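*Asks:* Following this message is one structure expressed as structure tokens.
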Amino acid sequence: MILPTTTVGSFPKPGYLVRARAKYYQGELSKDDLWELEKRATEEVIELQEDVGLDILVDGEMYRGDMVTFFAENMEGFRISGLVRSYGNRYYRKPIVVGRVKRLRPITVGYFTFAQSLTSKPLKGMLTGPYTMAEWSFNEYYGSKEDLVMDLAEAVSREAKELEEAGAKWIQIDEPAISTRPEEIELAIRALGAVTSGLRAKTVTHICYGEFEKIYPKLLELPVDQIDLEMANSNYDLLGLFRVHPFTKEIGLGVIDVHSHLIETKEEVKEGIKKALGVLSPQQITVDPDCGLKTRTWEESKAKLQVMVEATKEVREELEGRLKR
Ligand SMILES: [Zn+2]
């Protein structure tokens, strides 16, 4: 099928889970009780995605706080700081590297297996990439950033292989930090290569935030099948770059602005996909929102995805009609 639909990863956490996580961190709730609620929230996320009619599902990341801290908490070699301020008013616990980084046990495999058991559609395995893990932590142990990044790559690679063994047909390795330091892209490419080499699953990396002009077309050397990019938020400006240097991989085409409360219209989304089809082939494109949906409400997330799926379906039918004639 052309133009399959998916999402980038996160969904808003329901109120009962936000409260339960706070209790857990204050020592007032056990890990098992938290897990019961995470399972309930995951069931709701899967149900929402089935209702909307997405083709490739995600588990919604109900068990994660921050995308880097979550993995650091579950590896050896990290200590987690108190709350640190990041962008604007967002606070998170920053990981500090205090020893050799190692994966001790499966980190996401149990969550993946549970979520996949709830649906017959393919579910993406979701990981944070080694470069972003290193970039968003304090390094107080390694002599060089490169050594830290490559040890993280080894850890993430083991997790990816176990996700594949558990049945993941798609594995997404998020590297949002890549676009913020163009001078280190070679290292990011090498580290991601260490993660994806030998995998048979389709590999995706999600990148956002930065100045793409500075890392394109170099970006195309990332050793993954698909690069997932935000498009709607920047009015599809990147397509101009693709006109100069053709985009040679599959693309996750972000057609929903995750920073806006406003629900896109079907026409807007169709227009965006069609703009992209002016420079990309239908076989290259998977349609999704610009980024994770965790900052939107549940209702906004569902409404936005609904519009996205309907718009994509109409473009798909138009394309298939044209092929048949
Ligand atoms: Zn993003």
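The values are calculated or read from the model by the stated rules, or taken from the named source; none is laboratory data. Just so it is clear, the model here is predicted, and its values are computed rather than measured. Counting neighbours? That spans all protein chains shown, and the Cβs are built from the backbone with ideal geometry, glycine included. The area values use the complete protein model at the heavy-atom level, side chains included, leaving out ligands, DNA and RNA. Shrake-Rupley method; radii C 1.70, N 1.55, O 1.52, S 1.80 Å.
*Asks:* Output the strands (runs of 3 or more DSSP E) that fall wholly within the range 71-182 and possess 3 or more residues being within 18 Å of the chain's Cα centre (by Cα), or say none. Give the steps one after another, and end with the answer.
*Replies:* Working: elements: 75-85, 91-103, 124-128, 170-174.
In the range 71-182, the matching strands (runs of 3 or more DSSP E) lie at 124-128, 170-174.
*Asks:* Just name the residue that is nearest to ASP55 (Cα to Cα) out of those in the range 171-207 that are at pLDDT 95 or above and open to solvent by 30 Å² or more (accessible area, probe 1.4 Å).
*Replies:* The selected residue is LYS202.
*Asks:* Now, a different point. Hey, among the residues in the range 221-257 that are exposed (fewer than 14 other Cβ atoms within 10 Å of the Cβ) and in a helix (DSSP H, G or I), which one's nearest to the ligand (Cβ to nearest atom)?
*Replies:* Out of the qualifying residues, it is GLY240.
*Asks:* LYS270 - would you say it is touching an Asp or Glu at 6+ places or on another chain (Cβ under 7 Å), part of a helix (DSSP H, G or I) and open to solvent by less than 10 Å² (accessible area, probe 1.4 Å)?
*Replies:* On the way: touching an Asp or Glu at 6+ places or on another chain (Cβ under 7 Å): yes; part of a helix (DSSP H, G or I): yes; open to solvent by less than 10 Å² (accessible area, probe 1.4 Å): no.
Criteria not met by LYS270.
*Asks:* Quick one: how many residues across the range 36-70 are more than 30 Å from ALA311 (Cβ to Cβ) and open to solvent by 70 Å² or more (accessible area, probe 1.4 Å)? Outline the logic, then answer.
*Replies:* The initial filter retains those residues of the range 36-70 that are more than 30 Å from ALA311 (Cβ to Cβ), namely 36-40, 63, 65-66, 68-70.
Keeping just the survivors that are open to solvent by 70 Å² or more (accessible area, probe 1.4 Å) gives 36, 40.
The number of residues fulfilling the criteria is 2.
*Asks:* Turning to a different aspect of this structure: Part of a helix (DSSP H, G or I), within 23 Å of GLY65 (Cβ to Cβ) and either open to solvent by 10 Å² or more (accessible area, probe 1.4 Å) or within 16 Å of the ligand (Cβ to nearest atom) (or both) - does that describe any residue in the range 277-284?
*Replies:* As a first pass, look at the range 277-284 and keep what is part of a helix (DSSP H, G or I): 277, 282-284.
Filter once more, so that each one left must be within 23 Å of GLY65 (Cβ to Cβ): none.
No, the range 277-284 contains no residue that is part of a helix (DSSP H, G or I), within 23 Å of GLY65 (Cβ to Cβ) and either open to solvent by 10 Å² or more (accessible area, probe 1.4 Å) or within 16 Å of the ligand (Cβ to nearest atom) (or both).
Conditions tested, residue by residue: (1) of a type in the set (Gly, Ala, Ser); (2) touching a Lys or Arg at 6+ places or on another chain (Cβ under 6 Å); (3) under 25 Å from GLU175 (Cα atoms); (4) open to solvent by 20 Å² or more (accessible area, probe 1.4 Å).
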| position | (1), (2), (3), (4) |
| --- | --- |
| ASP288 | no, no, yes, no |
| GLY292 | yes, no, yes, no |
| LYS302 | no, no, no, yes |
| VAL315 | no, yes, no, no |
| LEU319 | no, no, no, yes |
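*Asks:* May I pose another question? Just the residues that are within 16 Å of the ligand (Cβ to nearest atom) and either more than 23 Å from ARG105 (Cα to Cα) or among the small types (Gly, Ala, Ser) (or both), please, taken from the range 136-180.
*Replies:* The answer is PRO176, ALA177, ILE178, SER179, THR180.
*Asks:* Check whether at least one residue in the range 83-94 is of a type in the set (Gly, Ala, Ser), under 24 Å from VAL8 (Cα atoms) and open to solvent by less than 20 Å² (accessible area, probe 1.4 Å), and report yes or no. Give the steps one after another, and end with the answer.
*Replies:* Quick first cut of the range 83-94, residues of a type in the set (Gly, Ala, Ser) only: 86, 88.
With under 24 Å from VAL8 (Cα atoms) added as a condition, the list becomes 86, 88.
In the following step, the residues that additionally are open to solvent by less than 20 Å² (accessible area, probe 1.4 Å) were identified as none.
No, that holds for no residue.
*Asks:* A further question follows. For the range 5-22, state whether one or more residues are β-branched (Val, Ile, Thr), out of contact with any Ser or Thr (no Cβ under 8 Å at 6 or more places or on another chain) and assigned to a loop (DSSP other than H, G, I, E, B).
*Replies:* Kept after step one, since they are β-branched (Val, Ile, Thr), are these residues of the range 5-22: 5-8, 18.
When the remaining residues are screened for being out of contact with any Ser or Thr (no Cβ under 8 Å at 6 or more places or on another chain), the result is 7-8, 18.
Pick out the ones that are also assigned to a loop (DSSP other than H, G, I, E, B) and you get 7-8.
The answer is yes, given that some residue of the range 5-22 is β-branched (Val, Ile, Thr), out of contact with any Ser or Thr (no Cβ under 8 Å at 6 or more places or on another chain) and assigned to a loop (DSSP other than H, G, I, E, B).
*Asks:* Hey, any hits in the range 102-117 for a residue that's of a type outside the set (S, T, N, Q) and more than 20 Å from MET67 (Cβ to Cβ)? Steps first, answer last, please.
*Replies:* At the first step, the residues of the range 102-117 found to be of a type outside the set (S, T, N, Q) are 102-107, 109-112, 114-115.
Filter once more, so that each one left must be more than 20 Å from MET67 (Cβ to Cβ): none.
No.
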